[in-house]
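Here is the structure we will look at, set down as structure tokens.
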Amino acid sequence: MTGQVRTVDGRVAGRRGQATRQKLLDCLSEMLSSSPYRDVKVIDVARKAGTSPATFYQYFPDVEGAVLEIAEQMAAEGAALTQLLEGRSWVGKAGWQTAQELVEGFLEFWRKNDAILRVVDLGAAEGDKRFYKIRMKILNSVNNSLTDSVTELQAKGKVDKDVNPAAMAGSLVAMLAAVASHQKGFQTWGVKQAELKPNLALLVYLGVTGKKPTK
């Protein structure tokens, strides 16, 4: 952890305090993977971290405050998703590879952060603007890059002029997010992960380019 970390009352936490704070966050993250968000209590997080509720309250006002901190850290990592599209080609075999790697990276990010993303989605759906902003920060990392990709192809005459780049990109990102959050559900439909990825990549490629991929 780098930079100054402050306690709830504004004091700068030392190295030991920062380590304790991070341990509380790590324990909370682990608990969210097996317990409903609203069932997690401060005393349980503190006990799992080997400390006291009083120590927890030195760093976070409540469980929700700690959850938001975890979500912000995750959103910062999610910004790296844009690297899956920066400087990448959507033409020919290279374009098909771009679509595949985007899908792979997006699904992997969702699997890795499944527990906290479920909480973020719940908060956003309930109208909590804090969670909504975090969700949009993650999705914008891909949405903006996809919009630029469609716009560039359109300028070169490779995409129909009637296509709205922002609308197309937004639709594709919403599809990716919905599929990513429902990965386990596909198994109940008899769809294996190895089968899901190429079909999802096909939809992304068709949406961006309007053409079938060159494989």
Subject >> Only one of Leu102, Leu84 that is in contact with a Gly (Cβ under 6 Å, 6 or more places away or on another chain), assigned by TED's automatic domain parsing to the domain that holds Thr151 and closer than 30 Å to Ala194 by Cα >> reply: Leu84
**OP:** For Glu86, state whether it is under 23 Å from the mean Cα position of the chain (by Cα), part of a loop (DSSP other than H, G, I, E, B) and not hydroxyl-bearing (Ser, Thr, Tyr).
**Re:** yes
Subject >> segment 155-167 residues that are without any contact (Cβ under 8 Å) to a residue 60 or more places away in the chain, paired with ones that are not in a helix (DSSP H, G or I) (beta carbon under 7 Å, 6 or more apart) >> reply: Val159/Gly210; Asp160/Gly210
Original post:
How many of the residues making up segment 36-70 are aromatic (Phe, Trp, Tyr) and closer than 21 Å to Ile134 by Cβ?
Top reply: 3
**OP:** Being surrounded by fewer than 15 Cβ atoms within 10 Å (Cβ to Cβ), within 29 Å of Lys158 (Cβ to Cβ) and of a type in the set (S, T, N, Q) is the filter here, so list the residues in segment 172-215 that pass it.
**Re:** Asn199, Thr214
**OP:** Find all pairs meeting these conditions: Cβ atoms under 9 angstrom apart; at least six residues apart or on different chains; first residue within segment 191-210 and touching a residue at least 12 places away in the same chain (Cβ under 8 Å); second residue of a type in the set (D, E, K, R) and assigned to a helix (DSSP H, G or I).
**Re:** Lys197/Glu104; Ala201/Glu101; Ala201/Glu104
Subject >> Lone unmet requirement of (1) under 9 Å from the mean Cα position of the chain (by Cα); (2) under 17 Å from Val179 (Cβ atoms) for Lys137 >> reply: (2)
**OP:** Output the number of the condition that Gln154 fails; it satisfies all remaining conditions of (1) modelled with pLDDT under 95; (2) polar (S, T, N, Q); (3) buried (at least 17 other Cβ atoms within 10 Å of the Cβ).
**Re:** (1)
**OP:** Starting from segment 65-79, take each residue that is surrounded by fewer than 17 Cβ atoms within 10 Å (Cβ to Cβ) and list its partners that are modelled with pLDDT under 95 and assigned to a helix (DSSP H, G or I), counting only C-beta distances under 6 angstrom and pairs at least six apart or across chains.
**Re:** Ala79/Ser141
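The values are calculated or read from the model by the stated rules, or taken from the named source; none is laboratory data. Here the structure is a predicted model, which is why all the values come from computation and not from measurement. Don't worry about glycine lacking a Cβ; one is built from the backbone with ideal geometry, like all the others, and counts go over all protein chains shown.
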